[in-house]
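Working notes, beginning with the structure itself.
The values are calculated or read from the model by the stated rules, or taken from the named source; none is laboratory data. These numbers were taken from a predicted model, which means no experiment stands behind them. Note that we place each Cβ from the backbone using ideal geometry, even for glycine, and neighbour counts take in every protein chain shown. Quick note on the areas: whole protein, heavy atoms, side chains included, nothing else; ligands and nucleic acids left out. Shrake-Rupley method; radii C 1.70, N 1.55, O 1.52, S 1.80 Å.
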Amino acid sequence: MPIYRNLIWDFDGTLYNTYPQVAAAMVAALADLGHPIDSAEAYRLVKVTVFHAITVYAERFGLSSAELLAVFQAHHAKETHFPMMPGLRECLAETKRMGCRHYLFTHRDRKAIEQLADDGMVPFFEDAVTRESGFADKPSPEAIEHLIRVHGFRARDTLMIGDRDIDIQSGQAAGAAGVLFDPDGFYPGLKVDFSIRSLSDIPLLVCQA
């Protein structure tokens, strides 16, 4: 019987391996604007947030943040499909069979839900919070508190699962436990409740106190 029955998932870098394509769009945008950049650095910066990367590069090259964002978005919009993280479908199916309920909390727009629908993953999820929902960005707990209130579950029975510090911080601020999914060892020193390298660890994790 799971201890943690409510699993709130981040999208980028957690459910789907989007960051290589996001970083490539940033590289392409800056190339268009006459500023070649290192792809590995772009990956590290967009991993924090896209807006962090925009700010860093705009300041470095004397660009308008709005212009860089617009060019980036034009490139990123060309990407119509992202690969699922290995083991995702099996993880969701097994934890749902165990009695867990799944929710999405992402800064991405409703294209995240369209991606889930394209892959037949929507039936695993009870609800989703996207950019259009209008809640404060992570690390604010506002969206998680909304899900808790609307669906009537308890924070102490809940995991917030994500690949960045702001995912963990938003969960902890709402009273949930934070699970860092960090297959690349990006946040080795981050204070978390749980840390995993593979989604196959989740079914066992939900039973741990």
Cβ pairs under 7 Å, 6+ apart or interchain, first in the range 1-26 and farther than 15 Å from ALA42 by Cβ and open to solvent by 10 Å² or more (accessible area, probe 1.4 Å), second assigned to a strand (DSSP E or B) and polar (S, T, N, Q), ordered by first then second residue, are TYR4/THR158
The conditions are (1) over 17 Å from the mean Cα position of the chain (by Cα); (2) polar (S, T, N, Q); (3) assigned to a loop (DSSP other than H, G, I, E, B), and SER140 fails exactly one of them. Which is it?
(1)
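Rundown of residues vs (1) open to solvent by less than 10 Å² (accessible area, probe 1.4 Å); (2) modelled with pLDDT of 95 or more; (3) in a strand (DSSP E or B), yes/no style:
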position	(1), (2), (3)
CYS91	yes, yes, no
ARG108	no, no, no
ALA112	yes, yes, no
PRO123	no, yes, no
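So if I check each of ASP182, ASP137, which one is touching a residue at least 12 places away in the same chain (Cβ under 8 Å), open to solvent by less than 40 Å² (accessible area, probe 1.4 Å) and of a type outside the set (A, V, I, L, M)? I'd like the intermediate steps shown before the answer.
Numbers: ASP137 fails: open to solvent by less than 40 Å² (accessible area, probe 1.4 Å).
Checking each option against the conditions leaves just ASP182.
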Being among the aliphatic types (A, V, I, L, M) and surrounded by fewer than 20 Cβ atoms within 10 Å (Cβ to Cβ): is that true of ALA42 here?
no
Among the residues of the range 140-171, write down those that are open to solvent by 60 Å² or more (accessible area, probe 1.4 Å) and over 20 Å from ARG101 (Cα atoms).
GLN169
